[in-house]
Each structure stands twice: as structure tokens, then as C-alpha cells.
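Contents: one structure, followed by commentary.
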Amino acid sequence: MIELILYTRNDCELCREMEEVIAAELPKFDAQLRRIEIDGDADLEARFGIEVPVLFVNDRKAFKYRCTPAELRIRLAREARS
């Protein structure tokens, strides 16, 4: 199973865009998504600041700000083969 973690903020247009890309591609893979909102968490706000959304795939940073459906499919297919 591929583990995705998406770090987001409230009222973040880029976050919503990335969530839409993930939602469209995720069903094609044996993968699960955990969404973590960093607002109000001092440690996460210090770690990511305004650099959200950030998507980790299997504990490795994969994308920051944006990813296209094709880029995400390539990354997830590579993880599925490992």
C-alpha cells in the first residue's frame, strides 16, 4: 500500500487544487491518503510555513505547491513497482 500524507492549510487554493488531483488519481492505485492541516500546530507551521501544500509519498517529500495528474501517476506507479 502506498501511503500519502498531504500537509495543507485552511482557505488554501493550491491545497484544494492538489486535493482534486489526488482524489482523481488515488483510486487507480493501492494507496491511501492522510490529510493533515497545519493551522494551529506550532511545530508543523514552523516546519512548513507557507510552503503548502506538501505531499509526501511513502515518507518522502514528492510535491510542493502543485502536481499534475501525469506527474502524480508517474510517482505512484514508481512506488507501486518498488
Compute the signed sum of charges (Lys and Arg +1, Asp and Glu -1) over the other residues within less than 12 Å, Cβ to Cβ, of R47.
-> -3
Quickly estimate the mean residue ellipticity at 222 nm for the chain, helices only: each DSSP H run with n ≥ 4 gives -39500 (n - 2.57), and the total goes over all residues, rounded to 500.
-> -12000 deg cm²/dmol
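Could you check what % of the DSSP bridge pairs in the chain are antiparallel, to the nearest 5? Walk me through the numbers before you get to the answer.
Values: 8 of 15 bridges.
Around 55 percent of the beta bridges assigned by DSSP in the chain are antiparallel ones.
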If r is the Cβ-Cβ distance from A42 to R66 and R0 is 30 Å, what FRET efficiency results, to the nearest 0.05?
-> 0.70
Using a Gaussian network model of the chain whose springs link C-alpha atoms within less than 10 Å, name the residue from I38, I22, I50 with the highest mean-square fluctuation.
-> I50
Evaluate the distance, in nm, between pseudo-label points positioned 7 Å from the Cα of N10 and of E51 along their respective Cα→Cβ axes.
-> 2.4
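Compute the length gained on full extension between Q32 and E3: take 0.36 nm times their separation in residues and subtract their Cα-Cα distance, giving the result in nm to one decimal. Please list the in-between numbers first.
Working: separation 29, 0.36 × 29 = 10.44 nm, distance 0.54 nm.
Taking 0.36 nm per residue and subtracting the Cα distance, the gain is 9.9 nm.
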Isolated cysteines for the chain, Cβ-Cβ cutoff 4.7 Å, are C67
Checked against the structure, the computed Cα extents along the principal axes in Å among (1) 51, 24, 23; (2) 36, 22, 15; (3) 32, 23, 20 is the one labelled (2)
Taking every other residue with Cβ under 14 Å from the Cβ of E19 and scoring Lys and Arg +1, Asp and Glu -1, one gets -1
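The numbers here are math on the coordinates, done by the rules we state, and not lab data. This structure is a prediction, so every number in the text was calculated from the model and none was measured. Methodologically, a virtual Cβ is constructed for each residue, glycine included, from the backbone with ideal geometry; neighbour enumeration extends over all protein chains shown.
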